[in-house]
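Structure first, commentary second.
Each reported figure results from applying straightforward, stated rules to the coordinates on display, with no laboratory input. Keep in mind that what you see is a predicted model, and the values were worked out from it rather than measured. In this analysis, Cβ positions are derived from the backbone assuming ideal geometry, glycine residues included, and neighbour counts consider all displayed protein chains.
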Amino acid sequence: MADKTIYLDFEEPIYKLDTKIQELKSCCDDNLAKDFNKEIANLEKKTQKLLEETYTKLTPWQKVCVARHANRPHSIDYINALIENFMPLAGDKLFGEDEAIVGGLGFFNGQAVMVIGQEKGHDLESRIRHGFGMPKPEGYRKAKRLMELANHFNIPIISLVDTAGAFPGIEGEERGQAEAIASCIMEGFKMEVPYIAVVIGEGGSGGAIALATANRILMLEHSIYSVISPEGCASILWRDGSAVKKAATALHLTAQDLHKFGVVDEIIREPLGGAHRFRDETVKHAGDVIWKHLTELKKLSPADLAKDREEKFLAMSRIA
Amino acid sequence: MNWLLDYVRPKLSVAKTEKDVPDNLWDKCPQCDAMIYGQELAKNLYVCPHCGYHMYLRPRKRFRMLFDDEEYSYLEAPKVKEDPLNFKDTKDYRSKLKSAREKTKFDDAFVAAFGKMGGHGVVIGVMNFNFIGGSMGLAVGEGIVQAAQFAVERKVPLILVTASGGARMQEGILSLMQMARTTLAVKQLKDNHLPYIAVLTNPTTGGVSASFAMLGDITIAEPDALIAFAGARVIKETIKADLPAGFQKAEYLKKHGMVDMIVSRHDLREKLITLLNLLGNTYTKGE
Ligand SMILES: [Zn+2]
C-alpha cells in the first residue's frame, strides 16, 4: 500500500493508482513478471498524466494544501543540502533561544552566507521543539541579531520563509511581538549586503514579511504568501470558517499571483507532483536559482544594495 | 536619497473650518455607561468626564487639538490603485470603500496635515478608525510614505497617531507590503535625524502595530488603549485559558517596556511640544 498520509484529499485518484502499482510490484513472482511489467508501465504512465493534469492547474486552495504538506522540504532540508560547514547560531542574547527560527553561517558554493529560516519540524517531537514554525519575539530578535552580524562581516543573507504566522500568545504579546517584527523588517532595509528571501512553503502575514524585506523575493512554484490565512479571512469576511476555498481564491496568494503583482521576482519551478514528492530535486534546483540571484547581487556596491531594496519596495504597489 | 526622484510632491490644501457632526446629542460612555451631553464631551476632548475613558477622536478634531491655533493644511491624499485584487466576499470591496467614503468624508483611513506645534513645523498623520477599521492598504501605506517624505523635505518631525485593526485584507499581499513600505517611511526620518513620534490610540493592532507604530523614536500611548499584535480572541482560542487582567492595554505595554509613556489626551499637546523642544535642541560639537 502507498503511504496514504502523503496524499492530499484531491490526490485520491493518484493514491489509488500508486497503490495498485505497488501491489503489482510486491506480489510479482518471476513467471508473472513479464505481464505485470507491462501493466505497471501503463499504470505509471497514467499516474504521470494524472499528476500533470492535477499539478498544472492546482486551485489556490489546493496550493495552500501543497504549501503546507508535511513532507515538503523545510529550512533544515535546504541547509543540509546546500550549505557546507553549517554553524548554527543560537539565541537573541536578550531573553532566549527560539528554534522556530534556525540560523547560522555556512558556505554556499564556497561563499560564506548567513542563512535564517523558519522551521516547522517534521514529526511531533521536532514540531514542538521548533514551536510549529511560529516564531516568538526572541526568534525575530535572534533573526535581527544574525542580520546585524552578517552585515558587520559583509556576508550575504539568505532567508527561508515558512510559517503559518508569528506566534499568537501571551508570552509573545508581553515580550513585544509587534516591536520584534517591526524591528526585523527595519533591519532588513539597513543591510548593505545581498539579501535574498525565499518563500519555500507558507508565507504567513507579518510573521513572514519580517524575514522578507530583501533585494530579491523568490517563491517556490506551489508556495503561498498572504496577508492572512484563508481560514482567518473566511471567518472574518465570510463569517464562515469553511469558506476557505473562496477566501484562498479571493486573496490571490499564489506565487503566480504575486509574480503578477510585482511582489515576487522569480518563481522557482517544482517537479511535477510538487516539492514533497521530489525533495532533493526541488532543493537542488532552488539552490541554483538562489545562486544565480546571489551572483547578480554581489556585483552591487553596499550602498547600492540598500538603495535597490528601498526602491524595490517603494515602487511596489504604486501605479506604474 | 534617490528614491525621491520619482516622488510626486503632495499639494497642500488649507483645511476649511468645516462643522463636524452636531454636538447637541447625548453619547453613552462605553466604559461606565454614563450619558454625556455632546458639547460637554467635545469640550473634554472626547474623554469621559466620569471615568476618564478615551473615546475615538476623529482626525479633524485630533488636528485641531494638536496644531497651534487650530491651523493646518492637509497633504493631498495619494493616488493609488483602487481595489487591486477585484476583491469580493459577501459584499464587494468597492462598495465598502464607497460607503466608508460617504460616511467619513475622507478618501481612506489615513490623513496627514502640516502645521505648527509650539512654533515647530510638524507633519501629523492620523488614522481614521471609522474607515474600514482604520485598516492599512495601499492608500494608507502610500499616505504614510508621502507624509514622511514631506517631513524630510521640510526638515520637520513626523507624528503619527494610530488607530487600526491591522492590514486591509481586501488588498491581499499588497496590504501586507505596506508594513515594509511604512517602515521604510520611518527609516527616511531616522536617516535624516528627524524625530518620529508614534502616538498609539485605541486600538492599534496587527500589521500596523507590527510596523511603523512600534518604531517611534518616542512611543506614547493614550490611557487604556488596546495595543496588540495578535487578537485576544485568537489567543484565547489557542491557549483555552483566561487572559490576564488588563492584557494588551497601554498600561500593560508600559509595564512590559513597550511604550515610553502614557499620556492623557488633555496633556498630549503640551507633552508633544516639550518633546519637540527637547529633540530639536541639539548641541554642536566643540562649542
Ligand atoms: Zn465613562
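Residues of the range B:236-272 falling in the label zone of B:Q31, defined by backbone nitrogen less than 13 Å from a point 7 Å along Cα to beta-carbon, are B:246, B:249-252, B:263-266. Sequence-distant or interchain residues sharing an amide H contact under 5 Å with B:M136, placed H: which? Result for B:M136 returns B:G166, B:A167, B:R168.
Per the Debye formula on identical point scatterers at the alpha carbon atoms of the range A:8-57, with no solvent, log10 I(q)/I(0) at q = 0.13, 0.23, 0.30 Å⁻¹ is -0.34, -0.80, -1.09.
For the range B:241-256, 3J(HN,Hα) computed residue by residue from phi via the Karplus equation (6.51, -1.76, 1.60; θ = phi - 60°) reads 8, 6, 8, x, 4, x, 3, 6, 8, 3, 5, 4, 5, 5, 4, 8 Hz, glycine and proline entered as x. Using 0.36 nm per residue and subtracting the Cα-Cα separation, the extra length available between A:K299 and A:N71 on full extension is 78.5 nm. If I model the range B:86-168 as equal point scatterers sitting on the Cα atoms and use the Debye formula, what is log10 I(q)/I(0) at q = 0.21, 0.27 Å⁻¹? These q points yield log10 I(q)/I(0) values of -0.93, -1.26.
Of all beta bridges that DSSP places with both ends in the range A:64-316, some 40 percent have antiparallel geometry.
Relative to the current alpha-carbon distance between B:K254 and B:N44, full extension at 0.36 nm per residue lengthens the span by 73.1 nm. Rounded to two decimals, the Cα-based Rg/Rh of chain B, with Kirkwood Rh, is 0.96. 3J(HN,Hα) couplings calculated from phi for the range B:109-122 with the Karplus curve 6.51 cos²θ - 1.76 cosθ + 1.60 (θ = phi - 60°) are, in sequence order, 8, 9, 9, 10, 9, 10, x, 10, 10, x, x, 7, x, 7 Hz; Gly and Pro show x. Modelled spin labels at A:C27 and B:N277, positioned 7 Å past Cα toward Cβ, are 9.2 nm from each other.
As a test of the formula, what do you get for chain A when each DSSP H run with n ≥ 4 contributes -39,500 (n - 2.57) and the sum is divided by the residue count, at 222 nm and rounded to the nearest 500 deg cm²/dmol? Value at 222 nm, helices only: -14500 deg cm²/dmol. The calculated Kirkwood hydrodynamic radius for the range B:29-136 is 16.0 Å, given to one decimal from all distinct C-alpha pairs.
Evaluating 6.51 cos²θ - 1.76 cosθ + 1.60 at θ = phi - 60° for every residue in the range B:162-169, the Karplus couplings come out as 9, 6, 7, x, x, 6, 7, 5 Hz, glycine and proline recorded as x. Beta-bridge orientation, chain B: approximately 55 percent antiparallel, per DSSP, counting only bridges with both partners inside.
Ranked by how many other Cβ atoms sit within 10 Å of their own Cβ, fewest first, the residues A:T5, B:T238 fall in the order A:T5, B:T238. Put in line by how crowded their Cβ is, counting other Cβ atoms within 10 Å and starting with the fewest, A:C233, B:C32, A:C65, A:C27 read A:C27, B:C32, A:C65, A:C233.
For the protein assembly as shown, the Cα gyration tensor yields ellipsoid semi-axes of 47, 27, 22 Å (square root of five times each eigenvalue, largest first, whole Å).
Cα to Cα, under 16 Å, and not fewer than 8 places away if on the same chain: which lysines meet these conditions relative to B:K88? Partners found: A:K245, A:K246, B:K96, B:K98. Each DSSP beta bridge with both residues in the protein assembly as shown is either parallel or antiparallel, and the antiparallel ones are about 45%. Once the C-beta distance of A:N42 and A:R269 is scaled by a Förster radius of 30 Å, the resulting FRET efficiency is 0.60 to the nearest 0.05.
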